[in-house]
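Q: First the structure, then my questions, so here it is.
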Amino acid sequence: MLNANLEKALNKQINEEFYSSYLYLSMSAWFESKSLLGFANWMKLQSKEEYLHAEKFYNYVFTKGGQVTLAPIAQPKTEWKSVLDAFENTLDHERHITKCINDLVDLSLAEKDHATGAFLQWFVNEQVEEEANATKILDDLKMIGDNSYGIFMLDREMGTRKPETEAVAGKE
């Protein structure tokens, strides 16, 4: 059974994950409006992955006998100055999510809820990957600069991203 503090914090994280999905879908729409279909594809898949993360938290709360309480999702930004700006926002957002996950781990330790701590380790590892992916793309964009051919080539590369095969929304 989840204690009230952890249940509230996990519900907050469900909202954070749904917001992440919404933000990346907004970025996908912006990229699509700029005819950057590879970047749009990458962000759309990222949006779906974040939605699955929210479902993973959702399922966990119920597995532990808690109650899910959904909250309104804030409206995400809809415009960026450039591809670089969008990915700077992406990295900033992933760092925010990493802090949220770390705070949840700290709370699970304070509440001596080892099951929740173990559950959260998957997200700790996932955030390392999320930040590394955003950093790599950001580094590539900084190297390319304003070179439209470089953006064109990176857009093509981003379009090759495929959906994750792992069932991240499982009821682990």
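Bear in mind these aren't lab numbers, they're just calculated from the coordinates by the rules spelled out. In this text the structure is predicted, and so the values were computed from the model without any measurement. Counting neighbours? That spans all protein chains shown, and the Cβs are built from the backbone with ideal geometry, glycine included.
Q: Could you give the distance between the Cα centres of the range 1-24 and the range 63-108, to the whole Å?
A: 9
Q: While we're looking at this one, here's another question. Can you tell me the length gained on complete extension of the stretch residue 157 to residue 33, counting 0.36 nm per residue apart and subtracting the Cα distance?
A: Value of the extension gain: 42.8 nm.
Q: Once the cut-off is 24 Å, how many percent of the Cα-Cα pairs in the range 4-158 end up in the long-distance tail?
A: Looking at the range 4-158, the distances longer than 24 Å represent 37 percent of pairs.
Q: Only four residue types carry charge here, +1 at the Cβ of Lys and Arg and -1 at the Cβ of Asp and Glu. Report the dipole size of the chain about the Cα centre in Debye, rounded to the nearest 20.
A: 320
Q: Right, something else. Report the label-to-label distance for residue 164 and residue 62 in nanometres (one decimal), using points 7 Å from each Cα along the Cα→Cβ vector.
A: 1.9
Q: In addition: What full-extension length gain, to one decimal in nm, is calculated for residue 132 and residue 109 as 0.36 nm per residue of separation minus the Cα-Cα distance?
A: 5.7 nm
Q: Just want the answer: with Cβ charges of +1 for Lys and Arg and -1 for Asp and Glu, which residue in 29, 76, 53 is farthest toward the dipole's positive end in the range 25-117?
A: 29
Q: Among 98-107, 83-92, how do they line up from the highest to the lowest mean number of other beta-carbon atoms within 10 Å?
A: Sorting 98-107, 83-92 by mean packing, highest first, produces 83-92, 98-107.
Q: Rounded, prolate or oblate: pick one for the range 71-172, where a ≥ b ≥ c are the square roots of the eigenvalues of its C-alpha gyration tensor, a/c under 1.5 means rounded, and failing that, prolate if a/b is larger than b/c, else oblate.
A: prolate
Q: Would you mind working out the magnitude of the charge dipole of the range 54-114 relative to its Cα centre, with +1 at each Lys and Arg C-beta and -1 at each Asp and Glu C-beta, to the nearest 20 Debye?
A: That gives a dipole near 140 debye.
Q: Grab the Cα-Cα distance for residue 12 and residue 96, subtract it from 0.36 nm times how many residues apart they are, and report the gain in nm with one decimal.
A: 28.9 nm
Q: Follow-up question, since we're still on this one. Check the range 4-158 and count each lysine pair with an alpha-carbon distance under 18 angstrom, considering only pairs eight or more places apart or from different chains.
A: Final tally of qualifying lysine pairs is 16.
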